[in-house]
Structure formats: structure tokens, C-alpha cells
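Asker: Have a look at this one.
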Amino acid sequence: MKPREQPDAPEQRDAFDERMMRLAIAEARAAEAAGEVPVGAIVLAADGETILGRGQNRVLRDSDPTAHAEIVAMREAGRALSNYRLLTPEGGCTLYVTLEPCAMCASAILHARIARLVYAADDPKAGACGSVLEVMNHPQLNHRTEVRTGILAEECSRMLSNFFLARRGRQRVDPHPMDAEEALLGGNDGDEEKMVRKS
């Protein structure tokens with residue numbers, strides 16, 4: 001798929017980022033269908049048209065602790081560019097991912113020289129872009145990555161919440177969905193009135 005060139009106006013940028021995040025969500029859904037934690041990512045070239053890499057969480061399928069969606073997408077992009085630095089003649093690439101990167105992925109993003117990171121849901125358990133750690137844009141690093149958060153965050157948080165609830169065999173009675181923090185921290189186990197075990 002070749003989306004249109006990235007717009008400059010803020011409202012157009014929002015719509016463009018949402019379209020690209022939808023592609024990452026599709027990867028997350030595919031991971032979920034395979035029994036993996038639903039996280040998806042895409043790497044978009046600086047031309048705003050070429051998708052260089054797609055990734056979904058594959059740690060279980062590949063028996064590989066490094067096979068996070070971001071890493072998988074960046075590996076594919078590196079192969080497409082024949083370079084570990086994800087730079088094109090037009091400039092640096094953008095990585096879209098449904099969940100805030102962990103320390104490993106944030107470090108790989110910096111090493112790959114990703115110019116822009118757009119992620120959906122915060123990860124209050126392991127996020128390395130400000131939620132737990134601040135790996136991105138540390139003052140002693142020689143590379144800076146623009147970071148944008150919150151694009152389709154509620155949808156991605158809900159997808160993670162539902163995945164972990166189903167995985168634990170529980171059904172939420174409370175009409176309010178868990179936020180990403182509750183889901184990633186294992187749900188609200190201390191409030192059993194809001195949870196019922198499926199029979």
C-alpha cells in the first residue's frame with residue numbers, strides 16, 4: 001500500500017497518522033489471532049508513500065524474546081533498504097506502533113535512526129518513552145527522534161485489555177473497559193466484584 005505524501009497541516013497530519021496507525025492495528029489484530037499479545041507496527045519511508053516494513057508481536061511463534069512488533073518491522077525495513085540505519089534519500093523514516101515501546105525497542109529505534117515515532121497506548125509497566133523510562137531523546141544521545149503519542153490510544157488500549165481478560169479466562173462485569181495500565185499490570189485483581197470467571 002502506498003499512502004499519500006505526509007501532510008504538513010496539523011489536522012491533515014492527525015488524519016494521516018490515524019490512517020497509518022490503522023495499518024499497525026491490522027498487524028496487531030493478526031498477532032492476536034495467532035495467540036500473541038496484540039501489538040503491531042509499520043515503518044513508513046520519508047516519502048510518505050512507501051511502507052518499508054510491517055511487524056507484529058512474534059515472540060511466542062518465533063521463540064524469540066526480541067521479536068517485538070517494532071523490531072520485526074525495523075528488520076524488514078532494514079532488509080528493504082539494505083542498511084541497518086533506516087534512512088532514505090528523502091530523510092528518516094516514521095515508525096507507527098500500537099503500544100509505547102519498551103527499553104529494548106526504544107534503543108533499537110534510536111540505533112536505526114528512526115526520525116519520528118508515533119505510538120498509540122501508553123505502557124505504564126514497561127514504556128520507555130516516558131511512562132516508566134525516558135530512553136528516547138536522552139540529552140547524552142547523539143540522535144533525536146520526534147515522538148507523538150495518543151493516536152487511536154483508546155482503541156489500542158481496549159484491544160490489549162480485552163486480550164488479557166480473555167487470556168485469563170475472565171469476563172468484565174463492569175461496563176467501563178480497563179485502561180491500558182490495568183491491562184498491562186494484570187487487571188484489577190484486588191476488585192473481584194468487577195470480575196467473574198467464565199464457566
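The values are calculated or read from the model by the stated rules, or taken from the named source; none is laboratory data. As the structure is a prediction and not an experimental result, all values here were calculated from the model. Note: ideal-geometry Cβ built from the backbone for every residue, glycine included; neighbour counts use all protein chains shown.
Asker: With the condition kept exactly as written, say whether any residue in the range 52-60 is more than 19 Å from GLU18 (Cβ to Cβ), at pLDDT 95 or above and of a type in the set (Lys, Arg).
Answerer: Looking through the range 52-60, at least one residue is more than 19 Å from GLU18 (Cβ to Cβ), at pLDDT 95 or above and of a type in the set (Lys, Arg).
Asker: Filter the range 38-64 down to the residues that are among the small types (Gly, Ala, Ser) and within 13 Å of PRO89 (Cβ to Cβ), then identify the one that is surrounded by the fewest Cβ atoms within 10 Å (Cβ to Cβ). Walk me through it before giving the result.
Answerer: So the first thing to find is which residues in the range 38-64 are among the small types (Gly, Ala, Ser), and the list is 40-41, 45-46, 48, 53, 55, 63.
With within 13 Å of PRO89 (Cβ to Cβ) added as a condition, the list becomes 45-46.
Numbers: ALA45: 23, ALA46: 20.
Checked the range 38-64; the qualifying residue surrounded by the fewest Cβ atoms within 10 Å (Cβ to Cβ) is ALA46.
Asker: Continuing with the same structure: Considering the range 38-49 alone, what residues qualify as being within 11 Å of the chain's Cα centre (by Cα) and assigned to a loop (DSSP other than H, G, I, E, B)?
Answerer: Within the range 38-49, PRO38, VAL39 qualify.
Asker: On to the next question. Scan the range 88-134 residue by residue and report those that are of a type in the set (D, E, K, R), over 21 Å from THR50 (Cβ atoms) and out of contact with any Cys (no Cβ under 6 Å at 6 or more places or on another chain). Can you show your working first?
Answerer: Let us first name the residues in the range 88-134 that are of a type in the set (D, E, K, R), namely 90, 100, 113, 116, 122-123, 125, 134.
Filter once more, keeping what is over 21 Å from THR50 (Cβ atoms): 100, 122-123, 125, 134.
Selection gives ASP122, ASP123, LYS125, GLU134.
Asker: Of all residues in the range 130-143, which are in contact with a helix residue (DSSP H, G or I) (Cβ under 6 Å, 6 or more places away or on another chain) and exposed (fewer than 12 other Cβ atoms within 10 Å of the Cβ)?
Answerer: Of the range 130-143, the ones in contact with a helix residue (DSSP H, G or I) (Cβ under 6 Å, 6 or more places away or on another chain) are 133, 135-136, 143.
The answer is none; no residue qualifies.
Asker: Also, I was wondering about something else. For the range 50-125, which fully contained helices (runs of 4 or more DSSP H) count at least 3 residues that are without any contact (Cβ under 8 Å) to a residue 40 or more places away in the chain and within 24 Å of LEU141 (Cβ to Cβ)? Walk me through it before giving the result.
Answerer: Numbers: elements: 59-62, 69-81, 103-111.
Per the criteria, 69-81, 103-111.
Asker: Further question on the same structure: When you scan the range 88-110, do you find a residue that is exposed (fewer than 15 other Cβ atoms within 10 Å of the Cβ) and in contact with a helix residue (DSSP H, G or I) (Cβ under 9 Å, 6 or more places away or on another chain), even just one?
Answerer: We begin by selecting, within the range 88-110, every residue exposed (fewer than 15 other Cβ atoms within 10 Å of the Cβ); these are 89-91, 103.
Next, from what is left, pick out any that are in contact with a helix residue (DSSP H, G or I) (Cβ under 9 Å, 6 or more places away or on another chain): none.
Scanning the range 88-110 turns up no residue that is exposed (fewer than 15 other Cβ atoms within 10 Å of the Cβ) and in contact with a helix residue (DSSP H, G or I) (Cβ under 9 Å, 6 or more places away or on another chain).
Asker: Considering each residue of the range 144-166, count those that are in a loop (DSSP other than H, G, I, E, B) and buried (at least 16 other Cβ atoms within 10 Å of the Cβ), and give that number. Spell out the reasoning first.
Answerer: First, the residues of the range 144-166 that are in a loop (DSSP other than H, G, I, E, B): 144-145, 150-152.
With the extra rule that they be buried (at least 16 other Cβ atoms within 10 Å of the Cβ), the set shrinks to 145, 151-152.
Number of matching residues: 3.
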